[in-house]
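Please read the structure below before turning to the comments.
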Amino acid sequence: MRIVAFNYRDIPNFPQSTVHGHAGRLVFGTLKGRPCVCMQGRFHLYEGYPIQKITMPMRIFKLLGVETVILTNAAGGLNQDYKVGDIMIIKDHLNMPGFAGNNPLAGPNEERFGVRFPCMSDAYDRELQQLALDVGLELGFSDFLREGVYCVLGGPSFETIAECRMLHKLGADAVGMSTVHEVIVARHCGMRVFALSLITNKAVMDYDSEEKANHEEVLQTGKQRAEQLERLVSTIITRLEHNNNFA
Ligand SMILES: O=P(O)(O)O[C@@H]1C[C@H](O)[C@@H](CO)O1
């Protein structure tokens with residue numbers, strides 16, 4: 001497979017990855033015959049970037065002709081049935097920074113991308129969720145494939161026990177520090193969105209627990225499930241190719 005990669009630092013006005021484990025490259029290539037562009041590393045609020053800057057790649061992708069965006073993240077599991085290593089198909093989100101007015105679409109609306117008040121009740125494409133479940137079944141991944149609600153916080157501190165308990169009560173199954181802002185901007189400009197969380201750690205919900213969330217565990221679980229995640233995503237992409245409804 002031929003790929004062409006650009007370091008973020010060589011792309012004018014592109015933000016730089018500052019997080020350990022995020023390579024900071026934009027990779028163009030074909031995956032199972034379909035043209036793709038892949039971000040090796042994303043941007044987060046906690047890196048200090050304005051929210052419009054961390055979501056800028058979504059608008060670049062739209063201008064490049066991208067129709068479907070597949071987002072992945074690492075997240076802490078709030079749902080007590082979840083295990084480390086589970087892959088959660090995101091069916092909805094809670095946008096905590098958005099509750100406080102920190103929304104990537106705040107400010108003058110860019111009409112060439114989308115409407116002032118975009119709907120978010122259909123943010124996560126249901127056909128793609130079903131496709132992922134079907135593909136997961138075929139690949140024998142059903143034991144660790146889940147569906148749930150992802151909650152974004154600003155980070156970079158991990159959550160307190162009280163915060164985890166509250167988020168769980170509010171209906172979140174997993175908590176993280178990314179994705180939702182990208183989803184909002186991608187949906188605003190009409191791209192189809194599918195998103196997955198890898199449950200890299202269990203959120204600490206109990207004052208007797210000795211467990212502590214840490215980035216090393218997040219990276220380690222990511223490595224352990226990387227191959228399966230790659231098979232899941234690449235097989236989903238293959239199926240997009242075979243179904244005109246998805247093109
Ligand atoms: O970019 P994601 O959301 O996958 O990364 C998560 C959130 C923090 O950046 C980091 C914490 O370990 O992982």
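The values are calculated or read from the model by the stated rules, or taken from the named source; none is laboratory data. Remember, it's a predicted structure, so these values are computed and weren't measured experimentally. So basically every Cβ, Gly included, is an ideal-geometry build from the backbone, and we count neighbours across all protein chains shown. For the accessible areas, the whole protein counts, side chains as well, though only heavy atoms, and no ligand, DNA or RNA atoms are used. Shrake-Rupley method; radii C 1.70, N 1.55, O 1.52, S 1.80 Å.
Structure data summary
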read-out: The chain - accessible surface per residue (Å², probe 1.4 Å); value: 51 Å²
read-out: Amide hydrogen neighbours beyond the local backbone of Leu145, cut-off 5 Å, H modeled; value: Ile87
read-out: Highest-first arrangement of 110-123, 38-51, 179-192, 128-141, where packing means the average Cβ count within 10 Å; value: 179-192, 38-51, 128-141, 110-123
read-out: Computed helical MRE - 222 nm, the chain, DSSP H runs ≥ 4 contributing -39500 (n - 2.57), nearest 500; value: -9500 deg cm²/dmol
read-out: Coarse-grained scattering of the chain at q = 0.07, 0.09 Å⁻¹, given as base-10 log I(q)/I(0) from a Debye sum over alpha-carbon atoms; value: -0.22, -0.37
read-out: Contact order relative to length of region 68-242, as percent, for alpha carbon pairs under 8 angstrom and 6 or more apart; value: 42 percent
read-out: Entries of Lys62/Lys91; Lys53/Lys83; Lys53/Lys223 with Cα pairs more than 30 Å apart; value: Lys53/Lys83
